[in-house]
Every structure is written in structure tokens, then in C-alpha cells.
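Below is one structure, written out as C-alpha cells, with a few remarks after it.
The values are calculated or read from the model by the stated rules, or taken from the named source; none is laboratory data. Since we're looking at a predicted model, the values are computed, not measured. So basically every Cβ, Gly included, is an ideal-geometry build from the backbone, and we count neighbours across all protein chains shown.
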Amino acid sequence: MMIFTLTGVFLIQPPFSRADEQIETLPTLTVEGTRIENIDAVKEELARRPASTILIPEKEIKESRAFNLTDVLQFAPGVRFQSRFGADEGQFQIRGTSLRNNFHHRGINILINGIYFGDADGFSDFESIDLMAYERIEVYKGSNALRYGANTLGGAINFVPRTGYNASLFQTRGLAGSFGLYSGQVSSGQVTKPFKVGTMDTTADYYISASGNHQDGFQDNSQQARGRLNANFGFQIGDHQEVRAYILGAEVSEALPGSITQEQLDSNRRQANTLGGISPFSCGPNEPCKWGRYYSYIRVGAAYRNEFAAHQFFEIIPYYSYQYLDHPIFQTIVQ
């Protein structure tokens, strides 16, 4: 036998008028968000990697002389940058990789915001990089750098540039020292108020930095001079899309004093190398060769990133770079 029970409930409510309701108007609330990467979150992400990494935050860069990589990497374990005659050009090593190279670097990738920064032959240099234009420096040792390609067996160093989200509206920095050393930088960055692109909230930002430095050097014929320009402009479209354009330019002039013998060192340690007319340098007898390394560099690029799901994104980064190099080694090099 089956028994079914059906229960009904009826509510009766007297009619009312919406005119009797009190409408309370709240003030407009504007919520602004930025995609700034918290430095502590970056540290945690790097700490989870199985291999060794080093993070040089903005605070350490600002507190250093920031003239070349020696100033920011001198206390980093397993990493060594040995400047030649005080210049940005030097010998960069990660756990001994690139130890035999007398100039340039190979086996270690240099990147700017994850984008390869180097020459077509695999070599790379640091003279175009203005340390004060970057928010942080990441060093990946050994196989931990393979995420950036097979040319990184020795490791990689990634310079993350500042944007309008983490820059001051106006900033200037000056430095002076002995042997004719002076350096200066002027920079500006800002984020616009949100605006609409279609139905999506969008913010724009910019960062631009111009810098220059000079030094006479300790040795004869060791003068150095550089001028650099760094700029980027970005659009944050909605919560998941970003478009950013980059510009980098540099003019570098480096006199090369060369190496000297022990006898020359004992007699006058400030003298430059003399070759006595050995071809192809055409120096006069017992006169220093006025060697120099000079180049112009320009790099422009754009990046589009779309984070379409958690931990999943699409990114495309086309770029163009041009470098003219005049280097007095045993053959003519034009790049």
C-alpha cells in the first residue's frame, strides 16, 4: 500500500506601492587596480624553483653606485663580473661559464623582461644596459635557465624594466668621483586614469629614462662615455590583456688601454700598451695605440600578452635591433 501526502501553503499579503519605498543613493565608489608584481611574491616564486637563483631588488640597485654590474653583483654567490679598466665591458661568469672569453659573453643569455638581448652570433654585452632603468635583476644558474633556450647552459640574467606602475613622476640622480667620473639620470613614469576600450576598463602607463656617464680612467687611453635612452609604454586592457612597446638606444665610446708587461707596470703603471708599429694597428715606435671600442645600438619592440586562463597565457614579442660596432681586434668586425 502506498500513501501520498500533498501539502500546500498560501500567503496573503496586502498590496503596497513602490512609491512608499525609501531609495538611498550611495556615493560613487571607484576601484583601481594595478598588475604590479610584489617583490615578496617574486622571491617566493623563485624560491620554489629546484635550482639556484639570485634576485637583486630595486632597493639594492639604488643603494649601489650602479655604474656597472660589478656594483650590484659583487656579493652574489657563484656569479662574477670583472670589469676591464672600470668599464661596463667586462668578463661575466656564472659558476665558471664564459671564463675563457676575453671579450663578449657566450653560453650565458642576457634578457630584458624575458626577451633575448644579444647579437646574431650568440655573443652579448652590457654597455647598452642602464641599471637604474630596471626594477630588479634575476640571475638563473645552470640548467635553471633552460626555460629561456638551449643557449643558456651556463645560466641567464634577466633585467626587468620599470614601468609607470612602479616609477616616480619625476626622479633625478647624480654621481661624481675621482678620475673624472660623473654620471646622471633623469626619469619619469605615470599611470593614467582608467578609460574604456569597448566595454573593457583600460589603463595606460609610461616610463622613460635618459642617462649619461663619463670617466677619464686610471690608465692612459681609458676614457669611457655612454649615453642611454630607455622607454616603454603600455596598456592594461581589462584584467587579462596587456600591450607594451619598448625602446632602447645607446651610444658607447670606450678607449682601450690594452695590457702591459710586468716591466711596463713597474716603470709606470698608468701607461697604455705600446705596439711599436706592429701591423695592422699602425702605431708609432714606443707610442701608445689609441685603440677604442665604439658602437651605436637601437632596439624597438612590442609585446602582447593574454592570460586566458589560470597559469595559461598567450604571448607574442616581435622586436628589431640594430648595432654598429667598431672594435680594433685582429680583423674588422661590422655588425
Go through region 230-242 and count every residue that is more than 14 Å from residue 200 (Cα to Cα) and surrounded by fewer than 18 Cβ atoms within 10 Å (Cβ to Cβ). 1
Residue check: is residue 213 of a type outside the set (Phe, Trp, Tyr) and either modelled with pLDDT of 95 or more or in contact with a Ser or Thr (Cβ under 6 Å, 6 or more places away or on another chain) (or both)? yes
If I ask for residues that are surrounded by 15 or more Cβ atoms within 10 Å (Cβ to Cβ) and either in a strand (DSSP E or B) or at pLDDT below 85 (or both), which ones from region 306-335 would you list? 306, 307, 319, 321, 323, 325, 327, 328
Could you tell me which residue of region 48-63 is farthest from residue 127 (Cα to Cα), considering only residues that are free of Cβ contacts under 8 Å to residues at least 60 places away in the same chain and either loosely packed, with under 13 Cβ neighbours inside 10 Å or among the hydroxyl-bearing types (Ser, Thr, Tyr) (or both)? 48
What about residue 157, is it among the β-branched types (Val, Ile, Thr) and either more than 19 Å from residue 208 (Cβ to Cβ) or surrounded by fewer than 13 Cβ atoms within 10 Å (Cβ to Cβ) (or both)? yes
Qualifying position, being closer than 14 Å to residue 167 by Cα and either small (Gly, Ala, Ser) or touching a Lys or Arg at 6+ places or on another chain (Cβ under 9 Å) (or both), among 198, 184, 212, 189: 189
Can you spot a residue in region 216-227 that is of a type in the set (Asp, Glu) and modelled with pLDDT of 90 or more? no
Considering only residues that are out of contact with any strand residue (DSSP E or B) (no Cβ under 6 Å at 6 or more places or on another chain) and not acidic (Asp, Glu), which ones fall in region 209-228? 217, 218, 219
So residue 102 ticks every box in (1) modelled with pLDDT under 85; (2) not in a loop (DSSP other than H, G, I, E, B) but one. Which box is left unticked? (2)
